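Participant: Below is a structure I'd like to ask you about.
The values are calculated or read from the model by the stated rules, or taken from the named source; none is laboratory data. Just so you know, these numbers come straight off a predicted model, no measurement behind them. Here the Cβ positions follow ideal geometry from the backbone for every residue, glycine too, while neighbour counts run over all protein chains shown. Ligands, DNA and RNA are excluded from the accessible area calculation, which covers all protein heavy atoms including side chains. Shrake-Rupley method; radii C 1.70, N 1.55, O 1.52, S 1.80 Å.
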Amino acid sequence: MRRLFPVTDLTAADDRGEWSLDALADAYAYPDTDGSWLRANMVSTLDGAAQHDGRSQPISCESDMRIFGTLRGLADVVVAGAETVRLEGYRPARAREAFAARRAAAGQGPAPAVAVVSGSLDLDFSLPLFVSPLVPTLVLTGAGAPPDRIAAAREAGAEVVIAGEGSRVDPARAVRELADRGLRRLLTEGGPRLLGQFVAAGVLDEMCLTLAPMLTAGDAQRIAGGPSVAVPERFALASVLEEAGFLFSRYRRI
């Protein structure tokens, strides 16, 4: 049974009884702001695992993927770490008719760009993500990245964005560089290390978290990794949906 907690109101369903994409798009719409807005979308089990056997799919569900697709349909750019791109088999974002009118009205292209964060550029630039995207893929890297790998990325058709000194990418600078290119509605899908960097830099505006009614034990990663922040940053609950024990929550920075 689907229930909606009183924090938000989502009643429109499609002919299969699922939340309609229009209703989800309204519920997850980006705020009207002049600046950039970085939201994260992650899934976690009850005991804090962000993955099972190295991938997030085993702890997801159909409605989670429906929200996943909606968040992509609203974003200007999807930001992902190199490890996540490799493990999850990232492909180019595709245009979806369900979001075409909404994207056109917002001045967006037919599909979000994908931005891959990698200091070493240890990526397979022959993959479709780089050679045949609908929108050119961006590669965020540091000024000290290997010149031959920068050249390989550009030869494949990717846009290389320098967003840090040395071999590291500065999370706050990455957000600024993307915003300077008109990509203000940002969505990061992790992985945990990249999300941890955004959290530590204080640039995460919104957390969309699916809580899966599962226990995995083991030593799987949490949704965010890396060094801890000096003072925990407080977020406020914006909305929560429930289906079959899965909770789909949305928190915004206070």
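Participant: Which numbered condition trips up L134, out of (1) at pLDDT 95 or above; (2) open to solvent by 70 Å² or more (accessible area, probe 1.4 Å)?
Facilitator: For L134, the failing item is (1).
Participant: Restricting attention to region 18-49, which residues are more than 26 Å from R96 (Cβ to Cβ) and either assigned to a loop (DSSP other than H, G, I, E, B) or among the hydrophobic types (A, V, I, L, M, F, W, C) (or both)?
Facilitator: Hits for region 18-49 are D34, G35, L46, D47, G48, A49.
Participant: Also, quick follow-up: If a residue must be touching an Asp or Glu at 6+ places or on another chain (Cβ under 8 Å), open to solvent by less than 60 Å² (accessible area, probe 1.4 Å) and either farther than 21 Å from G73 by Cβ or free of Cβ contacts under 8 Å to residues at least 40 places away in the same chain (or both), how many such residues does region 165-193 contain?
Facilitator: The number of residues fulfilling the criteria is 1.
Participant: If G196 satisfies every condition in (1) without any contact (Cβ under 8 Å) to a residue 60 or more places away in the chain; (2) in contact with an Asp or Glu (Cβ under 8 Å, 6 or more places away or on another chain); (3) crowded, with 16+ Cβ neighbours inside 10 Å but one, which is the exception?
Facilitator: It fails just one condition, (2).
Participant: Here's another thing I want to ask about it. Among the numbered criteria (1) in contact with a strand residue (DSSP E or B) (Cβ under 8 Å, 6 or more places away or on another chain); (2) within 26 Å of Q221 (Cα to Cα); (3) open to solvent by 20 Å² or more (accessible area, probe 1.4 Å), which single criterion is violated by E159?
Facilitator: That leaves (2) as the condition not met.
Participant: Please specify each residue of region 79-102 satisfying the condition of being in a loop (DSSP other than H, G, I, E, B) and open to solvent by 80 Å² or more (accessible area, probe 1.4 Å). Spell out how you get there, then give the answer.
Facilitator: Here is the first cut: in region 79-102, the ones in a loop (DSSP other than H, G, I, E, B) are 89-96.
Hits for region 79-102 are R91, R94.
Participant: Taking the stated definitions as given, is R250 in a loop (DSSP other than H, G, I, E, B), among the basic types (K, R), at pLDDT 90 or above and under 19 Å from A50 (Cβ atoms)?
Facilitator: no
Participant: P192 versus (1) at pLDDT 95 or above; (2) under 13 Å from the mean Cα position of the chain (by Cα): which is the lone unmet condition?
Facilitator: The number of the failed condition is (1).
Participant: Name the residue, out of G48, G89, that is modelled with pLDDT under 95, within 27 Å of A236 (Cβ to Cβ) and over 12 Å from the mean Cα position of the chain (by Cα).
Facilitator: Working: G89 fails: within 27 Å of A236 (Cβ to Cβ).
When all the criteria are applied, what remains is G48.
Participant: Take region 117-127 and flag every residue that is out of contact with any Phe, Trp or Tyr (no Cβ under 8 Å at 6 or more places or on another chain) and open to solvent by less than 40 Å² (accessible area, probe 1.4 Å).
Facilitator: The answer is V117, S118, G119, L121, F125.
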